[in-house]
Amino acid sequence: MKALKDYVTEIPDYPKPGILFRDITTIMSDPEGLKLAIDGLVGMLEGIDFDLVVGSESRGFIFGTPVAYAMGKGFILVRKKGKLPRETISEKYDLEYGSAELEMHKDAIKPGQKVVIIDDLVATGGTTEAIVKMVEKLGGEVVKIGFVMELAGLEGRKKLAKYDVDSLIIYEGA
């Protein structure tokens, strides 16, 4: 049986020379790869007491929703600014060149609810840090953060150091 890492396609010199891009879509397109990823994420939550799964657009939806379903929990969407229909809270975060803003419905999380954040990738940690801030603004408690893949060389864990963070695949470089 293949390991989850075996389903990742490595593309050299993308998006620019010298970069080794790790394509996670090949995990999603293979039934066994997708099952390994979802089962791995569910497994990392064994013994964790929580109420909701939160995931950001779009691959956080892909991985977070089946985890929520498998564990009998609700799923909360975090989207780019202007995409949610009801009253929202928002949080800005830095990108490599500029910034972006994420939103969550203002009534998505009740004070005291325990939250797990699921996403495909942690690189610099900025997106997840923005999600954590919104969860905490609403009175939620982040009890676990789970990723399919981590680029450890970009030090995203540093921004998330006070949280329980786990990744199914860890690449030491960028």
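Taken together, the values in this text are just the output of simple stated rules run on the coordinates, not laboratory data. This structure is a prediction, so every number in the text was calculated from the model and none was measured. Note that we place each Cβ from the backbone using ideal geometry, even for glycine, and neighbour counts take in every protein chain shown.
A few comments on the model shown:
- DSSP beta bridges in the chain [antiparallel fraction, %, rounded to 5]: 40 percent
- The simple spin-label model puts a point 7 Å past each Cα toward its Cβ; for S29 and D166 those points are separated by 3.0 nm.
- Sequence-distant residues sharing a close amide H with G140 (under 5 Å, placed H): G112
- Prolate/oblate/rounded label for region 33-77 (Cα gyration tensor, a/c 1.5): oblate
- Cubic angstrom per residue, convex hull over Cα atoms of region 87-174: 82 Å³
- For region 93-107, putting each phi into the Karplus relation 6.51 cos²θ - 1.76 cosθ + 1.60 with θ = phi - 60° gives couplings of 8, 8, 10, 4, 10, x, 9, 9, 9, 10, 9, 9, 4, 4, 9 Hz, in residue order, rounded to whole numbers and with x for Gly and Pro.
- Loop sites in region 64-138: GluC sites (Glu not before Pro), DSSP, at most 15 other Cβ within 10 Å: E87, E96
- Each 10 Å bin, from zero up to the one with the longest distance, holds this percent of the alpha carbon pairs of the chain: 10, 39, 37, 13, 1.
- Cut-off under 5 Å, modelled amide H: who pairs with S90 long-range: none
- Relative to the compact-globule estimate of 2.2 N^0.38 Å, the Cα radius of gyration of region 1-75 comes out at 1.27.
- Ordering of 115-123, 150-158 by packing is 115-123, 150-158, highest average first (other Cβ atoms within 10 Å, averaged per residue).
- Computed from backbone phi with θ = phi - 60° and the Karplus coefficients 6.51, -1.76 and 1.60, the 3J(HN,Hα) list for region 156-161 is x, 4, 4, 5, 10, 4 Hz; x is used for glycine and proline.
- Volume per residue of the convex hull around the Cα atoms, evaluated for region 28-112, comes out as 133 Å³.
- Among G18, G139, G33: highest mean-square fluctuation, GNM of the chain, C-alpha pairs under 10 Å: G18
- One equal scatterer on each Cα of region 1-45, no solvent, Debye formula: the resulting log10 I(q)/I(0) at q = 0.14, 0.32 Å⁻¹ is -0.39, -1.05.
- Eligible aspartates and glutamates near K80 by straight Cα distance, threshold 20 Å, same-chain separation 8 or greater: E57, E91, D94, E96, E101, E103, D107, D119, D120, E129, E136
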